[in-house]
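For reference, the structure discussed in these notes is given below.
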Amino acid sequence: MISRPPHEPYREVPEGTFRWRLGVRPLDLADWLVITDHYTHEVAEKARIMAAHPNTAFCVLDDVEAECVEIATAVVDHLRHHHPDRFDQVELDPSLHPLDAAGRLIQEDLVVMVERDNDLIFAGGSVCFPNRWDLRSKLGRTMAEVHEPVTDLNAQLGDTVDAFLRRLTPTKPVWRLGWGVLDTDDLYQPLDGTAEPRPIDASPAAHHLRVERETLRRFPETGCILFTIHTHLTPLVDLPADSATALASALDAIPTGIAEYKQLDETGAAIANWLRESAGV
């Protein structure tokens, strides 16, 4: 039986002036990996992307084998235990790197962070559905360096992120949501030129709300931190009226610099107006 997400992501767009925030919530590990009705399509899409763009979608540092084995083992154990109808016999592909093999079994993208020389660094990932960023460009970087391209994030949240990650323990995993509005329903959105060209002059009705359900957990044996990203797409035309008006207000409240980062500086106002009209406001 396919489980349903334990939330409706499109209903959780924050109100008020936009500010970067952690917004973390305690995670029940029974809900760590979410299997939706899109599972078959998205896993097939991952396989296609890995075949076509392996150097874009997967990379790791050379010395993180133990961390990746611990993560991959946990993924298989979780699937067998919590989704036995579908995954009771699931195995990792032994011909693949363990993190690559684990990523192909689930809808989530996977990013690994490890401690090196007293710094937490980006050690690699299996990322088939990036939201207009590049996996390989982050390799070996600290969290502050990873977040440098994100307008105002380090200024507003940098020290908080570092402190939180250092305090994260295996017994207290968390989850959070992030959102954006994109002009395509293509999940594969890297910036290295391998994605399909963006639509030209997409109408507001052609846009999608892209919500990322993210989890963070530290693993007990190696001490690594795994960041999972499960992307949910909702066409704006399918939003209920209350969600459409909430999203319109959120778009109105985005500061100029962050709107530019989210690529909504030229379209955000028109999308917000359209959302209110479609909701009858």
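Being under 21 Å from residue 220 (Cβ atoms) and in a loop (DSSP other than H, G, I, E, B) is the filter; apply it to the stretch 62-99 and report the residue that is farthest from the chain's Cα centre (by Cα). Write out each step before concluding.
Going residue by residue through the stretch 62-99, those that are under 21 Å from residue 220 (Cβ atoms) are 63-82, 92, 98-99.
Filter once more, so that each one left must be in a loop (DSSP other than H, G, I, E, B): 63-64, 92.
Numbers: 63: 24, 64: 21, 92: 22 Å.
That would be 63.
In the stretch 20-41, of all residues being in a loop (DSSP other than H, G, I, E, B), among the aliphatic types (A, V, I, L, M) and within 25 Å of residue 123 (Cα to Cα), the one that is modelled with the lowest pLDDT corresponds to 22. In the stretch 8-17, of all residues being in a loop (DSSP other than H, G, I, E, B) and either modelled with pLDDT of 70 or more or touching a Leu at 6+ places or on another chain (Cβ under 8 Å) (or both), the one that is surrounded by the fewest Cβ atoms within 10 Å (Cβ to Cβ) corresponds to 12.
Residue 257 falls short on exactly one of the conditions (1) modelled with pLDDT under 95; (2) surrounded by 15 or more Cβ atoms within 10 Å (Cβ to Cβ); (3) not in a loop (DSSP other than H, G, I, E, B), and that condition is (2).
Being surrounded by fewer than 18 Cβ atoms within 10 Å (Cβ to Cβ) and within 14 Å of residue 225 (Cα to Cα) holds for only one residue in 86, 80, 116, and it is 116. Is at least one residue of the stretch 130-150 under 17 Å from residue 62 (Cα atoms), modelled with pLDDT of 95 or more, within 16 Å of the chain's Cα centre (by Cα) and aliphatic (A, V, I, L, M)? Among the residues of the stretch 130-150, at least one is under 17 Å from residue 62 (Cα atoms), modelled with pLDDT of 95 or more, within 16 Å of the chain's Cα centre (by Cα) and aliphatic (A, V, I, L, M), which makes the answer yes.
For the stretch 152-163, the criterion of being out of contact with any Gly (no Cβ under 7 Å at 6 or more places or on another chain), at pLDDT 90 or above and either among the β-branched types (Val, Ile, Thr) or in a loop (DSSP other than H, G, I, E, B) (or both) is satisfied by no residue at all. A single entry from 44, 102 fulfils the requirement of being buried (at least 17 other Cβ atoms within 10 Å of the Cβ), modelled with pLDDT of 95 or more and within 19 Å of the chain's Cα centre (by Cα): 102.
Considering the stretch 189-248 alone, what residues qualify as being in a helix (DSSP H, G or I) and either of a type in the set (S, T, N, Q) or without any contact (Cβ under 8 Å) to a residue 12 or more places away in the chain (or both)?
Taking the stretch 189-248 first, the residues in a helix (DSSP H, G or I) are 204-206, 236-238, 241-248.
Passing the criteria: 238, 243, 245.
The residues on offer are 168, 226, 187, and the sole one that is of a type outside the set (S, T, N, Q), under 24 Å from residue 99 (Cβ atoms) and touching an Asp or Glu at 6+ places or on another chain (Cβ under 7 Å) is 187. Taking the numbered list (1) modelled with pLDDT of 95 or more; (2) among the small types (Gly, Ala, Ser); (3) in contact with a strand residue (DSSP E or B) (Cβ under 6 Å, 6 or more places away or on another chain) in turn, residue 72 passes all entries but (3).
The values are calculated or read from the model by the stated rules, or taken from the named source; none is laboratory data. Since we're looking at a predicted model, the values are computed, not measured. No Cβ is skipped: glycine too gets one built from the backbone with ideal geometry, and neighbour counts run over all protein chains shown.
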